[in-house]
Amino acid sequence: IAYFCYGPRVAVSKVTATLPAGTYTFKATYQNTFAEQTQDVGSDATLDFYTAKAQVQVNKSTGAAFAGVRVLFSPSSGFGNYISVNTDGTGIASTELFPGAIYYKGLTNGTSAVQSAALPADGTTAGQSGLVTFYTSKSIAKVANCDGVALAGIAIKFYGGGFPGTWASATTDAGGLASIEEFPGTWKIQASVNDTSETQDQVLAGDGLTAG
């Protein structure tokens, strides 16, 4: 039984066994996924298993690639067993898995989005892959004084995972604006100035799947 990864036929794991002639079911497992083949082995037989490349593309609300986003890959909706990979400079995170239903979770700034999709492969053919795409939304805070004049240099905390808890920080620009990229949901934003602060809820629109 030989197991090969995506792409050129390069063996990364090979198992041999002497068995009586007959029909057997063989199962290969890798990173909590598996593939099976049934074959009459006769006197000598070789079975090749191939993983597929599971890929996630994460883009910002503008459509630009989003590097450094943590992505989880799991065959379970509860993500009890997962593989964690960060997106590279092109916004891509990938890992090798056997085909089947895969759950994908993108995480950034304390927020997350989940998709599930079948990895379109058969476990017996080289060069197969699947791709899902996530989009974050832009969370914007605007700070102005009592006369409506924009205030620059105001510290902003964007709470994505609960309040109080972890946050992402930004500072308002000359237009009184500060922003970060997050996955959609209802989050809290806090502005602080002169040892005072104000916190508001924000419903961040989007579905995690669409740009803009």
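Extension gain THR25-ALA126, at 0.36 nm per residue separation less the Cα-Cα distance, in nm?
34.3 nm
So if R0 is 41 Å, what FRET efficiency would ALA45 and THR166 give, r being the distance between their Cβ atoms, rounded to the nearest 0.05?
FRET efficiency, ALA45 to THR166: 0.15.
List the lysines whose Cα lies under 29 Å from the Cα of LYS27, skipping any in the same chain that are fewer than 8 positions away.
By straight Cα distance, LYS27 reaches LYS14, LYS53, LYS105.
Report the per residue volume, in Å³, of the convex hull enclosing the C-alpha atoms of segment 92-212.
It is 120 Å³ per residue.
Taking springs between alpha-carbon atoms closer than 10 angstrom, which of SER192, SER137, SER116 fluctuates most in the Gaussian network model of the chain?
SER192
Report the relative contact order of segment 50-209, percent, no decimals, based on alpha-carbon pairs under 8 angstrom and at least 6 residues apart.
21
Calculate the dipole size of the chain relative to its Cα centre from +1 charges on Lys and Arg beta carbons and -1 charges on Asp and Glu beta carbons; express the result in debye to the nearest 20.
140
Set Lys and Arg Cβ to +1 and Asp and Glu Cβ to -1, take the dipole of segment 43-161 about its Cα centre, and tell me which of VAL132, LEU72, THR62 lies farthest positive.
Ranked along the dipole, the leading option is THR62.
Any idea what diffusion coefficient the chain gets from Stokes-Einstein, in µm²/s, Kirkwood Rh on alpha carbon pairs, 37 °C, 0.692 mPa s?
164
Give me the three principal axis extents of segment 164-212 from the C-alpha atoms, as integers in angstrom, largest value leading.
Its Cα atoms span 39, 27, 16 Å along the three principal axes.
I want to verify a result. In a Gaussian network model of the chain, Cα cutoff 10 Å, which of these has the top mean-square fluctuation: ASN109, ASN145, ASN32?
Checking each option, the largest mean-square fluctuation is seen for ASN145.
Computed from the coordinates by the stated procedures, all read-outs in this text should not be read as laboratory data. What you are looking at is a predicted structure, and each value in this text was computed from that prediction instead of being measured. All Cβ positions, glycine included, derive from the backbone under ideal geometry; neighbour counts span all protein chains shown.
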